[in-house]
Amino acid sequence: PGIGYYHSAQAYPSGTRFRIYISNHQPAYVYAIGSDLSGEIFQVFPHAEGVSPALNYASNHVAIPDEEHFIETDAMVGTDFLAVLYSPVPLDIKAIQNQISRAAGNFVQQLQSALGQNLVETNLVQYNNEIIRFEAQSGGKSLVAVVVAMDHVN
């Protein structure tokens, strides 16, 4: 199983505020978690209790964390990571965060350890090299993960 990995071409200074927009063409449960070189794992989406991860229409265009909030780079320089998880079934995102926190290695290795048995096989996922995009066939598995790494400077 594999994880799609993208690295931003641009570095971002502390205090940069941004949101990401995702589109899907099949109903899915979508979660986003982040980390940085401190190793702390934090939930980005759903960003609050009561916000559903369900994108239950065949076609969605959704802002993460939402249209009223931003993700903001903190004071810790280095590399920041954002993982977006797509699943046809609900995930226990708190348990996944705990598994990531306990796993050894860098963020991608920790994610692989926490999700490995549920990840769609790499050969069944076509990642686009030009933009952050994928198409997948499940092959009996239930999860596709995409990681975006961003260089973070002062």
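Readers should treat all values here as calculations from the given coordinates under stated rules, not as data from a laboratory. Everything numeric here is computed off the predicted structure, so don't read it as measured data. Note that each Cβ is placed from the backbone with ideal geometry, even for glycine, and that neighbours are counted across all protein chains shown.
When each of the peptides 17-27, 111-121 is scored by the mean number of other C-beta atoms lying within 10 Å of its residues, the order from highest to lowest reads 111-121, 17-27.
Residue separation of residue 77 and residue 11 scaled by 0.36 nm, minus their Cα-Cα distance, works out to 22.7 nm of gained length.
Applying 1/(1 + (r/R0)^6) with r as the Cβ-Cβ distance of residue 67 and residue 122 and R0 = 41 angstrom yields a FRET efficiency of 0.75.
For the range 82-154, pairs of C-alpha atoms spaced more than 19 angstrom apart make up 38 percent of the total.
Both radii were evaluated on the Cα set of the range 4-153; the Rg over Rh quotient, with Rh as the Kirkwood radius, amounts to 0.93. Tilt of helix 93-102 relative to the longest C-alpha principal axis of the chain, in degrees (0 to 90, nearest 10)? That works out to roughly 60 degrees. Its DSSP H runs of at least 4 residues, each contributing -39,500 (n - 2.57), put the calculated 222 nm mean residue ellipticity of the chain at -3500 deg cm²/dmol, to the nearest 500. Springs between Cα atoms under 10 Å define the GNM used for the chain, and in it the highest mean-square fluctuation of 62, 84, 30 occurs at 62.
In a reduced charge model with +1 at each Lys and Arg Cβ and -1 at each Asp and Glu Cβ, the chain shows a dipole moment near 360 debye about its Cα centre.
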